[in-house]
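Chemist: Encoded as structure tokens, here's the structure I'll be asking about.
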Amino acid sequence: MRIGFFLRDLKIEGVQVVALRLAKEFIALGHQCDFICLDAEKELDIGSDIQVHVLNIPKEIKYKKIIKYAPIFSKWLYEEDCKHKFDVILCGHGDTINIVSVIDDPRLIIQQHSCDKISYENKNYFRKLKYRLKLLKKINKKHVICVSKGMADFISSITHSYLSITTIYNPFAIDEIKRLSEKPLDEFFLKNDYICYVGRLATEKRLELLINAYALINKEVKLLIVGDGCNEYKDSLLKLINKLGINNKVFILPFYNNPFAIIKKSKALILTSETEGFGNVLVEALICQTPIVSVDCYSGPAEIMTGQLKHYLVKEAEPKNIANKIDELLLGDVTLDFEKVYINFESTKIAKQYIQLFSSFN
């Protein structure tokens, strides 16, 4: 098969990292992979096995403006099909989904990585109607792949305009993550016991909830918040840290290209998001043999935290409830079977599920 990934760019972000991981697995299974990018911005090390095409289309602009670039993509696709026809093209960014929404071609598959259920529920009747109509247009007569069952259920509750809807979880390169987790750490990490959050600094991550919960725990550990994002939000978090008088215990650190060694040394990884597409960092922590505590947000964590891990899923997202679970985990003596969970997301296994699905479309 010739499999394309229609991406915004090649920055080190969730959608692009998942695309690269899948592409490597598809190639190992004997398939050809292409990355089709709106612009040339690049941080990921792609290698020589994947052909990269740049369309020079503006990024992150509104739906009505971005869809006008559909003819550019259609022309490019026609020319490429004349050389060697694509079997499928996965569209995983909002921009690329918007572009293909006006193209009637079932090979263009929507790969849904984020869930808008919370924001949707907070809209009034007319805004909900507008959202449903826009979603209907975007996925009309398209196959849709969701990275969580909760996300697929939400979309199905709003519209049935799609050709099909399937849940396939994100893939994880288990051996690579384990290898990276063994890399040496700076002295700061080595001399401190800590719990951590790793991810974007964004309001939907509700890091103020994490900080307030941390202030209530009994275990003597530091809290490391690792990631970049909105500077205004970061400033508000620093003010909260100062207000609570925990400046010497809570540290906001920049993004690390390899966070896995930091995660592995952590006593626990904590997630307090309002919403998640899947919750990749939870699986990554389990691969690093690090216990996790997460609020039961929509969607993803409840599908990851099964069996023993379900006990550390916080149903009511209140600081005291989160603090209690953290203390219970850190002060207790529980042996968790991490592999039993993370093996379900092994990248080759996930890639084969994609290939099986693609074959069923033809």
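Chemist: Looking only at the range 25-68, count how many residues are hydroxyl-bearing (S, T, Y) and either under 20 Å from I139 (Cα atoms) or touching a residue at least 24 places away in the same chain (Cβ under 8 Å) (or both).
Modeler: The total comes to 1.
Chemist: Answer yes or no as to whether I343 is among the β-branched types (V, I, T) and either closer than 27 Å to S119 by Cβ or open to solvent by less than 10 Å² (accessible area, probe 1.4 Å) (or both).
Modeler: Against the criterion (among the β-branched types (V, I, T) and either closer than 27 Å to S119 by Cβ or open to solvent by less than 10 Å² (accessible area, probe 1.4 Å) (or both)), I343 does not qualify.
Chemist: Looking only at the range 44-53, decide whether some residue is surrounded by 21 or more Cβ atoms within 10 Å (Cβ to Cβ), aliphatic (A, V, I, L, M), closer than 16 Å to P171 by Cβ and under 20 Å from the mean Cα position of the chain (by Cα).
Modeler: Within the range 44-53 (the criterion being surrounded by 21 or more Cβ atoms within 10 Å (Cβ to Cβ), aliphatic (A, V, I, L, M), closer than 16 Å to P171 by Cβ and under 20 Å from the mean Cα position of the chain (by Cα)), the answer is no, since none of the residues qualifies.
Chemist: If you don't mind, there's one more thing I want to ask. Which of the residues belonging to the range 297-339 are of a type in the set (F, W, Y) and touching a residue at least 24 places away in the same chain (Cβ under 8 Å)?
Modeler: Within the range 297-339, Y298, F338 qualify.
Listed here are the residues, each with its yes/no results for (1) more than 22 Å from Y256 (Cα to Cα); (2) of a type in the set (D, E, K, R); (3) assigned to a loop (DSSP other than H, G, I, E, B).
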| position | (1), (2), (3) |
| --- | --- |
| G4 | yes, no, no |
| I12 | no, no, yes |
| K24 | yes, yes, no |
| I27 | yes, no, no |
| D45 | no, yes, yes |
| E60 | yes, yes, yes |
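Chemist: What helices (runs of 4 or more DSSP H) completely inside the range 206-325 contain at least 2 residues that are under 23 Å from K11 (Cβ atoms)?
Modeler: Output list reads 231-244, 260-265, 280-287.
Chemist: Identify all residues within the range 227-284 that are closer than 19 Å to L216 by Cβ, among the polar types (S, T, N, Q) and surrounded by fewer than 14 Cβ atoms within 10 Å (Cβ to Cβ); write none if there are none.
Modeler: Of everything in the range 227-284, those that are closer than 19 Å to L216 by Cβ, among the polar types (S, T, N, Q) and surrounded by fewer than 14 Cβ atoms within 10 Å (Cβ to Cβ) turn out to be N242, N247, N248.
Chemist: Right, another one. Can you tell me which residue in the range 132-154 is most open to solvent (accessible area, probe 1.4 Å), limited to those that are more than 23 Å from I355 (Cα to Cα) and not charged (D, E, K, R)?
Modeler: Ranking the qualifying residues of the range 132-154, first place goes to L133.
Chemist: Out of the residues in the range 155-180 that are closer than 19 Å to N257 by Cα and in contact (Cβ under 8 Å) with a residue 24 or more places away in the chain, state the one that is surrounded by the fewest Cβ atoms within 10 Å (Cβ to Cβ).
Modeler: K178
Chemist: I need the helices (runs of 4 or more DSSP H) fully contained in the range 91-170, keeping only those with at least 3 residues that are in contact with a Ser or Thr (Cβ under 6 Å, 6 or more places away or on another chain) and within 24 Å of N362 (Cα to Cα).
Modeler: Counting at least 3 such residues, we get 125-139.
The values are calculated or read from the model by the stated rules, or taken from the named source; none is laboratory data. Note that the structure is predicted; figures quoted are calculated from it, not measured. Because the Cβ atoms are built from the backbone with ideal geometry, glycine has one as well, and the counts that use them run over all protein chains shown. Ligands, DNA and RNA are stripped out before the accessible areas are found, and what is left, the full protein with its side chains, is counted by its heavy atoms. Shrake-Rupley method; radii C 1.70, N 1.55, O 1.52, S 1.80 Å.
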